[in-house]
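Heads up: the structure comes next, in structure tokens.
No lab work stands behind these numbers, since they all come straight from the coordinates. The shown structure was predicted, so the numbers you read here are calculated from the model rather than taken from an experiment. We place every Cβ from the backbone using ideal geometry, glycine too, and count neighbours over all the protein chains shown.
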């Protein structure tokens, strides 16, 4: 491995990622938290206080403004946006934000206007709100929720089947009022569980993504004070629900409560973890499916908010192997993916967006 400075880009040359750097796309943003692309339209960046800005031609234009609805900041704000798979025809999209009372709100918009609130979840504390939204290859909406906050999950929400906190929820937004529960959700027939629950045992799933080629799901779950982790669910999704990722019994591969001799039966370990000597808050990314950097195709990219490190991970045939791709000074709050599969990095602290590119 060697460090290269080329054309203003910080580059780390790796055996299977030769000369990768970051190219500025937008600057002057106010606490950016997420980037996506409107289907058939421009790149969009979410600001924590409640604005969505369209990027293009070196300009930023206002696409949506919900600042009057949103509480900010800390871990609150406008946290997620997902477009319906049929958006070009129906103009439907969905927001995840914390309202003025600090509650998680999942709201549907149609034609750029608010249409209905699908779900409201009380938050006992100000942190661990989750916030991401993503449609799976099955057409259902996946909603990642944090455990409710404080530290160590004092209310036991992540393992509580009657709570929507600390979970991955899966709902059908095309049926029901305001939504329906898919018939193949894993706990539909169990009265002890909220039927929306698709997986449990999450602390604060800060960004997750479906591989656009395989449908595999990667979930980055922020740790408590020692370990950050990536959880993994292989496709097909319709038969893979009901997983328990372990929090707050486990933190990564390690016992948390109790600290020793915890009961691991039925808990799904992460595929990747790193200690707080490498960072303090994981940010999930995407499996790279773009064309700019052929060496990265099929690698899962993720980073850390505190250390600015970006890793690339691959399945080697018998284990997941992760390598440092870039060491940056960014406060990485999110990654983004455009229609072509190219990947972007969002800098919360610096108010900027970068594109992952080959070194020039």
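List of remarks:
- Residues listed by number, segment 165-204, amide nitrogen under 14 Å from residue 122 label point at 7 Å toward C-beta: 165
- Distance between the modelled labels on residue 184 and residue 73, one decimal in nanometres: 4.3 nm (7 Å Cα→Cβ projection).
- Sorting the segments 75-83, 89-97 by their mean number of nearby beta carbons within 10 angstrom, highest to lowest, gives 75-83, 89-97.
- Highest average first, the peptides 259-272, 201-214, 326-339 ordered by how many other beta carbon atoms sit within 10 Å of their residues are 201-214, 326-339, 259-272.
- Separation of the residue 267 and residue 214 label points, Cα + 7 Å toward Cβ, nm: 2.5
- Two-site label geometry, residue 316 and residue 192: point separation in nm, points 7 Å out along Cα→Cβ: 4.0
- FRET efficiency, residue 177 to residue 277 (Cβ-Cβ, R0 41 Å, nearest 0.05): 0.25
- Structure-derived mean projected area of the Cα convex hull in nm² - corresponding label in (i) 15.3; (ii) 17.3; (iii) 18.8: (ii)
- Computed over the chain: relative contact order in percent, which uses C-alpha pairs under 8 Å that are six or more apart: 16
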